[in-house]
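No lab work stands behind these numbers, since they all come straight from the coordinates. Nothing here was measured: the structure is a model prediction, and the numbers come from that model. All Cβ positions, even for glycine, are placed from backbone atoms using ideal geometry, and neighbour counts span all protein chains on display.
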Amino acid sequence: MENKTAYIAMENIVKTFGKVVANNNINFSVNKGEIHALLGENGAGKSTLMNMLSGIYIPDSGSIYVEGKPVVFSAPKDAINAGIGMVHQHFKLVDVMTAEENVILGQKGGLLFDRQDGEKITALAERFELGIDLHKRVADMSVGEKQNLEILKVLYRGARILILDEPTAVLTPQETEKLFRIMRKMKEDGCAVIFISHKMNEVMAVTDKITVLRRGETIQTLNTAETNPQQLTELMVGRPMDLAVKRLEQERGPEAIRVEHLTVKKLEGVPALDNVSFNMYAGEILSVAGIAGSGQKELCEAIAGLQKVDEGHIYFRNEDLVGKSPKEIAAKGISMSFVPEDRLGMGLVAGMDMVHNLLLKQYQNQKGWFLNKKAALVKAEEITEKFEINTPGVRNHPVKNLSGGNIQKVLLGRELDNQPEVLITAYPVRGLDIMTCHKIYDILNEEKKKGVAVLFIAEDLDVLLALGDRVMVLANGEVTGIVDAKTTSKEEIGLMMLGQHQKKEGKHLA
Amino acid sequence: MLKVVKKAESSAGKKVLINVIGILAALLTAAVFLALSGFNPLEVYGAMLKGSFGTHYRFTQTVINAVPLIILSLGISVAFKMKYWNIGAEGQMMMGAFLGAYFALYHSTWPKPVLLVVMLLAGCVGGGLWALIPAWLRAKFNTSEAITTLMLNYVAIKWIVYLQYGPWKDPKAFGFPKMPNFTDSAILPSLGGIHIGWVIALVLVVVIYLFMNHSKAGFEIAILGESENTARYVGINISKTILSAAFISGALCGLTGIIQASAVTNNLSSALASGIGYTAIITAWLSGLSAPVIVIVCSLFAILTQGASYIQTAFGISASVASVLQALILFFVLGSDFFTKYQLVWQEKKKGAN
């Protein structure tokens, strides 16, 4: 292996968007046969840098070298020709076509199928042990299979340098392991893999080198063997910080919500939730694990009164909430807060300022025809202070212009202000930086301490296990198990996420 | 090569500046066009101002042009705020005028104040009910209101044509297909030399401003416009909100119809709207759906229309030249909106990788 010149080198890369400097003098290089992690918080400039390497953006200044030769990418096809392939977070596959057709799609020669192509694809898939059935339709594939198909696609286009943008965000632990095996296989084959992630344990497990970015600058490149998560976090955040997510140990209170045989059907009659039963208790965090789209959204919306329920009951102190609108639920004196997954599209009005967003939950209780904005204005100032929201002003500044973390704080601030007894949170930390994530975990713990029954849906299994008291696993709309967070393992939950029911001998925690 | 790049949202002051530059650029371009056609652009522009403000009569005409535009734009802005694309102002105006005219023609013996109030209310109801048809289809079957409201315009106009040639044809018009003129008791009075519609328009500007910015119902319309999911989340009755906003929108358009019929043409005819319902879409949009700004934009439009019709007679400029002038201004102002969101940057064309 030639170690003198790096396979890919990016030198003094600068990229600005208007006044925002996304990348400032970034230096980054990857060798052949290396798995290199790009680590950094949201907005650190990881995606911008990789978009320049894959020809989507053009750097303002700086140079890119492939095997020591300077190159200029002005379109994605230039990068592909140079052997660079990127697998994006959001898959770009055609559902109704087979794996093979998806690989060939967009290649020269159109859809005219050539036996040689088929053989070449099969050979590639076998070489890297991708384990894809080439004649399976994408619509029938699991998320993990789709991801592998995306990898096959870029490999087929001749990529020797693979960029994976947060590939594990949507995978089960088992699928993640498989992906790591593929990555190692590619490394043995002499490819270079760039792995974007903010999951520290994965980065430690699979990479050889790590480059940390912060606020658009390269902070340091380290050998994975010579560092540890604590040091990496410090480099990412810029100061020491406690990484541990702590569960608040306390006796749970009385039952708050009892869900019995809940069934929700989609338009096509396919069940989105299938005979779901569980309980929530005051002063307890119930984590919900599951592959995206396993019924989480429908579950939240059903409890909040936004989803038509086909069968079953949701009891709150023996009052059945099924068939009641959010207004009717509130009128019963049931104080429930719901932090939906889609913050700007559902929880908040993106184009309105903070005052009006707080008014959303106040105006219906006001008398008369007109809005009283005074109370909301006071509340806005209060919440801004309490949650340390960074905003240019609570009036006349649309919330969509705030950063993701601040948007979430506005939403949480409003929802918690109602002094709820039940708190439903769907992916409350998605896309937020580490500092804000921990702030939000603390807030959830505080609510638990106050005796609120918390439903906590998230992607990160480590956090689900660390923060929750019990973990409920959803797979294809079914509850495949409810386990004690203290005694279960990620592997056990991973199997349940794939639809395997909890082992019968295990104690079922109702 | 020139590249279009999205930029941060412009401040309010900058937006105004960009729009003003747009108008100036339009006038400049139009000046070149006028000069090429053999006119002195400065004289023409001067004459346009003189045409809209020069005499009391001309000023009156300008105001009369502005009134329907303002009320229609207000109506349209209510629907547009909900992202409900009501393209049916034209038809709603016709149906409002139709229902109002029924009282004007068949109950002309009622005392004048009673008759006028009933006519105005009937105008609102006529336009509102007409607007409810597509709104109901949208709420029930999620049909595209942009299509249905537009199609209903033709239905409404043909209905008036039918009345004009058939049952409501004026028997005293010697077979000429027109409807009878309104009697004096059905004609809106004047205030300050101009029919009272201008007072109604100004009052409505205040009412709609308060409604959209300070009332619960207006707030719900705005929420629904931003996101249906948020509206659901908050617990807003979506169908009810769509229906009521569409009714208000249609009612204002219908009101415009009966005001025009009563005060301006003094009768109902199929030519009553003749395109103003579409112009009002442009003015409502240019005003950013803000009631106070609607007054300004509609007044400018009225000046433009009035000035253009004056230069036709004063300079013998053909009607099409005046239309070109209007179109240019519109084009530039709408085009300048683009620059509040994007900017052009020069970027050197680079060679691809080898």
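Ratio of Rg to Rh for chain A, alpha carbon only, Kirkwood?
My calculation of the ratio gives 0.99.
So if I take the alpha carbon set of the range A:349-399, get Rg, then get Rh from the Kirkwood formula, what is the Rg over Rh ratio?
Ratio value, two decimals: 0.98.
Against the longest principal axis of chain A, how steep is helix A:143-156, in degrees 0 to 90 to the nearest 10, with axes from Cα atoms?
Orientation of helix A:143-156: about 20 degrees from the principal axis.
Volume per residue, Å³, of the convex hull around the alpha-carbon atoms of the range B:1-151?
247
Taking θ = phi - 60°, what integer Hz values does the Karplus form 6.51 cos²θ - 1.76 cosθ + 1.60 yield along the range A:94-106, in sequence order, with x for Gly and Pro?
Taking θ as phi minus 60°, the curve returns 9, 4, 7, 9, 7, 4, 4, 4, 5, 5, 6, 3, x Hz for the range A:94-106.
Provide the gained length on full extension for the span A:Lys69 to A:Lys246, in nm with one decimal, where the gain is 0.36 nm per separating residue minus the Cα-Cα distance.
58.7 nm
When the helices in chain B are scored as -39500 (n - 2.57) per DSSP H run of 4 or longer and the sum is shared across all residues, what 222 nm value do you end up with, to the nearest 500 deg cm²/dmol?
-24000 deg cm²/dmol
At 7 Å along Cα-to-Cβ for each site, give me the label-to-label distance between A:Asn223 and A:Val237 in nm.
Spacing of the two 7 Å Cα→Cβ label points: 2.8 nm.
Pulled fully out, how much extra length does the chain show between B:Leu24 and B:Ser318, if you take 0.36 nm times their separation in residues and subtract their Cα-Cα distance?
103.5 nm
For the range A:408-429 and the range B:13-30, write down the distance between their C-alpha centroids in whole Å.
Measuring centre to centre over Cα atoms gives 46 Å.
Counting other Cβ atoms within 10 Å, which GluC sites (Glu not before Pro) in the range A:416-510 have at most 12 and lie in a DSSP loop?
A:Glu505
Efficiency by 1/(1 + (r/R0)^6): what FRET value for A:Asn12 and A:Thr487, r their Cβ-Cβ distance, R0 = 51 Å, to the nearest 0.05?
0.45
Using a simple spin-label model with points 7 Å from Cα along the Cα→Cβ vector, what separation in nm is obtained for A:Lys185 and A:Lys92?
Calculated label separation equals 2.4 nm.
Can you run phi through the Karplus equation (6.51, -1.76, 1.60; θ = phi - 60°) for the range B:168-174 and list ³J(HN,Hα) in whole Hz, with x for Gly and Pro?
9, 5, 5, x, 8, 9, 6
To check you understand DSSP bridge types, tell me what percent of the beta bridges within chain A (both residues inside) are antiparallel, rounded to 5.
If we restrict to bridges inside chain A, about 55 percent are antiparallel.
Give me the net charge of A:Asp469's neighbourhood, meaning all other residues with Cβ under 12 Å from the Cβ of A:Asp469; Lys, Arg count +1, Asp, Glu -1.
Summing Lys and Arg as +1 and Asp and Glu as -1 gives +1.
Quick check on the protein assembly as shown: of the DSSP beta bridges with both residues there, what percent are antiparallel, nearest 5%?
The antiparallel fraction comes to roughly 55 percent.
Where does each of B:Met82, B:Met212, A:Met354 land when they are ranked from fewest to most other beta-carbon atoms within 10 angstrom?
B:Met212, B:Met82, A:Met354
Compute the convex hull volume of the Cα atoms of the protein assembly as shown, divide it by the residue count, and report the result per residue in Å³ as a whole number.
Here the figure is 218 Å³ per residue.
Show me the three semi-axes of the equivalent ellipsoid for the range A:8-237, from the C-alpha gyration tensor (sqrt of 5 times each eigenvalue), largest first, rounded to whole Å.
Those come to 29, 21, 16 Å.
Per-residue ellipticity at 222 nm for chain A, helices alone: DSSP H runs ≥ 4 residues times -39500 (n - 2.57), over residue total, nearest 500 deg cm²/dmol?
My calculation for chain A gives -9000 deg cm²/dmol from helical runs alone.
Enter the angle in degrees (range 0 to 90, nearest 10) between the Cα long axis of helix A:434-449 and the first principal axis of the Cα atoms of chain A, meaning the one along which they spread out most.
Its long axis makes an angle of about 20 degrees.
Can you pull the one-decimal nm distance between simple spin-label points at A:Glu177 and B:Lys112, each 7 Å off the Cα toward Cβ?
Spacing of the two 7 Å Cα→Cβ label points: 9.3 nm.
So how far, in whole Å, is the C-alpha centre of the range A:25-55 from the one of the range A:138-169?
18
Given a cut-off of 37 Å, what percent of all Cα-Cα pairs of chain B lie beyond it?
The proportion of pairs with Cα distances above 37 Å equals 26 percent.
Could you give each residue of the range A:332-342 its phi-based ³J(HN,Hα) in whole Hz, using Karplus coefficients 6.51, -1.76, 1.60 with θ = phi - 60°, and x for Gly or Pro?
Per-residue couplings from phi come out as 6, x, 8, 9, 10, 10, 10, 9, x, 4, 8 Hz.
Compute the relative contact order of chain B as a whole-number percentage, counting only Cα pairs closer than 8 Å that sit 6 or more residues apart in sequence.
Relative contact order comes out at 37 percent.
Can you tell me, using C-alpha contacts under 8 Å and at least 6 residues apart, the relative contact order of chain A as a whole percent?
15
What relative contact order, as a whole-number percentage, does the range A:8-237 give when Cα pairs under 8 Å and 6 or more residues apart are counted?
30
Taking R0 as 56 Å, what FRET efficiency do you get between A:Arg215 and A:Lys136 from their Cβ-Cβ distance, rounded to the nearest 0.05?
About 0.80, to the nearest 0.05.
Which distance in Å, rounded to a whole number, links the C-alpha centroids of the range A:475-503 and the range B:38-103?
67
Gain in length, A:Lys449 to A:His501, computed as 0.36 nm per residue apart minus the alpha-carbon separation, to one decimal in nm?
15.6 nm
By count of other Cβ within 10 Å, fewest leading, how are B:Met93, A:Met497, A:Met241 ordered?
Listed from fewest to most nearby Cβ atoms, that is A:Met241, A:Met497, B:Met93.
Are there GluC sites (Glu not before Pro) in the range A:55-156 that DSSP marks as loop and that have at most 15 other Cβ atoms within 10 Å, and which are they?
A:Glu67, A:Glu129
Angle between the Cα long axis of helix A:115-127 and the longest principal axis of chain A, 0 to 90 degrees, nearest 10?
Result, in degrees: 70.
Cα gyration tensor of the range A:361-510, axes a ≥ b ≥ c as square roots of the eigenvalues: rounded (a/c below 1.5), prolate (a/b > b/c) or oblate?
Because a/c hits 1.5 or more and a/b exceeds b/c, the range A:361-510 counts as prolate.
Note down the net charge around A:Ala272, summing +1 for each Lys or Arg and -1 for each Asp or Glu among other residues with Cβ under 12 Å from its Cβ.
Computed value for this residue: -2.
What is the fewest-to-most order of B:Arg58, A:Arg160, A:Arg395 by other Cβ atoms lying within 10 Å of their Cβ?
A:Arg395, B:Arg58, A:Arg160
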